[in-house]
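See structure below.
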Amino acid sequence: NIIHSDSRAVEELGEIRAVIPPGDFYRLTGNRLDNHYTLPKILWLRKNRPEVYEKARWFLNTKDYLYARLTGEAGVTDYSDASLTIAMDIVRGEWAKGLLNDLGLDVERMPRILCGHDVSGRVSGGTARQTGLIEGTPVAVGGGDGACAARGSGLHEPGSAYCCMGSSSWVSQLTNAPVLDEKARVFNYLDMDGHSCHCCGTIQCGGDALNWAVKNLLDMSIPEAERLAGSIQPGAEGVFFLPTLMGERTPYWDPNTRGVLWGFTLYHTRAHIARAVYEGIAFALNGCADVMRECGLPVKSLMLTGGGAQSLLWPDILASLAGVTTRVHSQPGEGTSLGAAIAAGVGMGMFDYHEAASFITARSEHLPRADWQDAYAKVYPIYADIYARMKPLFDRAAEI
């Protein structure tokens with residue numbers, strides 16, 4: 001089992017580039033060529049673990065393996081996870097056979113693609129005896145975490161978006177077709193329904209950046225850091241924080257980026273730094289929404305999920321930055337699980353996805369604050385300019 005964050009399959013990216021240019025690859029799959037996805041890892045296995053590669057009948061994601069164990073039916077996945085193998089033609093909704101053939105891979109070892117709400121599988125007798133589950137219980141194929149979180153956040157029409165504020169964080173919205181940005185700053189995957197699409201922009205460090213800062217810069221708890229941050233006016237009196245502590249994906253896709261704390265003086269305090277950290281993470285997420293706007297897909301509303309959605313400060317900052325109403329999920333830590341349950345309910349005919357969206361409620365709503373919008377109109381462009389000016393130094397530091 002190789003987890004998503006495993007980065008060993010770097011050399012294999014060159015093998016893929018040799019058969020398809022990066023631009024063509026993006027247009028085919030809706031995704032950048034990146035070593036964290038499944039396709040280069042399959043190539044890595046073939047080269048470095050040939051005995052494992054030769055014995056493998058199917059290349060499956062974790063949930064698909066669990067589906068096989070529950071039902072006894074191996075070789076099944078859903079459209080969302082198939083998309084993010086980067087081995088699927090996202091427009092046709094099928095495996096990219098030409099690409100796989102050019103790479104010498106057998107398409108017959110890729111699983112059958114079904115809708116996430118497909119419930120043709122049933123708990124097997126053996127599984128029932130092992131687990132206590134009732135034999136014959138329908139099992140939905142399910143979806144990837146992003147697709148489930150989207151449905152669990154109430155997304156059901158283009159323009160509705162959600163922001164998952166976890167260790168890494170992202171902004172995603174439902175679309176009618178893949179959004180192919182000419183700079184390949186966003187990525188795409190099909191929905192569990194097999195025809196809608198998700199356009200997504202992700203930052204590497206959201207909650208992780210906050211956790212690092214409160215431990216190593218502020219030496220205090222998160223509630224105390226938020227209290228201090230709330231005592232400072234928007235803009236942190238000129239202090240800026242770039243949460244690019246582990247490279248960055250949207251919009252830069254640059255592994256060389258480093259964290260930046262900039263603009264502080266003898267007159268600034270830990271409270272200013274705390275405010276800058278909260279704002280820097282929100283600025284980075286707003287950068288994802290900016291790319292979508294540039295692609296003609298403006299975010300019209302934003303549901304917040306994940307641990308960071310429990311913040312009393314971030315919803316107001318994001319609303320004022322993006323100029324939209326933010327809504328905090330009634331159960332911010334359960335959105336992904338709720339989306340998986342919705343898929344099962346759709347499969348059982350209990351409701352459709354549009355009806356299910358009406359079940360999702362918010363614990364609070366936050367409107368843009370005019371005075372904060374004025375402040376951010378001045379400071380956000382400065383934040384956005386820091387990366388461009390630091391880029392040469394990031395690259396030099398990466399050589400050390």
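The values are calculated or read from the model by the stated rules, or taken from the named source; none is laboratory data. Owing to the predicted nature of the structure, the values given are computational and were not obtained by experimental measurement. Heads up, the Cβs are rebuilt from the backbone with ideal geometry, glycines too, and the neighbour counts pull from every protein chain shown.
Here are the numbers:
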| read-out | value |
| --- | --- |
| Residues of segment 206-239 that turn out to be under 19 Å from P315 (Cα atoms), in contact (Cβ under 8 Å) with a residue 60 or more places away in the chain and touching a strand residue (DSSP E or B) at 6+ places or on another chain (Cβ under 8 Å), as a count | 3 |
| Residue in segment 126-133 that is in the same structural domain as L39 (by TED's automatic domain parsing), out of contact with any Leu (no Cβ under 9 Å at 6 or more places or on another chain) and at positive phi present | yes |
| Matching residues in segment 179-228 - criterion: being touching a Phe, Trp or Tyr at 6+ places or on another chain (Cβ under 9 Å), farther than 19 Å from A149 by Cβ and either surrounded by 23 or more Cβ atoms within 10 Å (Cβ to Cβ) or acidic (D, E) (or both) | D181, A209, L210, A213, A225, E226 |
| Residues of segment 279-296 that turn out to be under 17 Å from the mean Cα position of the chain (by Cα) and either of a type outside the set (D, E) or crowded, with 24+ Cβ neighbours inside 10 Å (or both), as a count | 11 |
| Helices (runs of 4 or more DSSP H) wholly inside segment 315-400 containing at least 2 residues that are over 20 Å from K300 (Cβ atoms) and polar (S, T, N, Q) | 335-347 |
| Enumeration of residues in segment 362-374 that are surrounded by fewer than 17 Cβ atoms within 10 Å (Cβ to Cβ) and of a type in the set (G, A, S) | S364, A370 |
| Per-region count, segment 77-121, residues of a type outside the set (V, I, T), in contact with a Phe, Trp or Tyr (Cβ under 9 Å, 6 or more places away or on another chain) and in a helix (DSSP H, G or I) | 7 |
| Members of segment 248-263 found to be in contact with a strand residue (DSSP E or B) (Cβ under 9 Å, 6 or more places away or on another chain), on the phi < 0 side of the Ramachandran plot and surrounded by fewer than 22 Cβ atoms within 10 Å (Cβ to Cβ), listed by number | P251, D254, P255, N256, R258, G259, V260, L261, W262 |
| Hey, T131 among the polar types (S, T, N, Q), modelled with pLDDT of 95 or more, crowded, with 18+ Cβ neighbours inside 10 Å and under 27 Å from H4 (Cβ atoms) or not | no |
| The lone exception for G323 - which of (1) in contact with a strand residue (DSSP E or B) (Cβ under 9 Å, 6 or more places away or on another chain); (2) at positive phi it fails | (1) |
| Residue within segment 273-295 that is in the same structural domain as L367 (by TED's automatic domain parsing), modelled with pLDDT of 95 or more and in a strand (DSSP E or B) present | no |
| Yes/no for T77 being surrounded by 15 or more Cβ atoms within 10 Å (Cβ to Cβ), in contact (Cβ under 8 Å) with a residue 24 or more places away in the chain, under 21 Å from H195 (Cα atoms) and not hydrophobic (A, V, I, L, M, F, W, C) | yes |
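One line per residue, one yes/no per condition, for (1) under 25 Å from N188 (Cβ atoms); (2) in contact with a Lys or Arg (Cβ under 8 Å, 6 or more places away or on another chain):
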{"site": "M246", "(1), (2)": "yes, no"}
{"site": "G259", "(1), (2)": "no, no"}
{"site": "I281", "(1), (2)": "yes, no"}
{"site": "A284", "(1), (2)": "yes, no"}
{"site": "S301", "(1), (2)": "yes, yes"}
{"site": "V324", "(1), (2)": "yes, yes"}
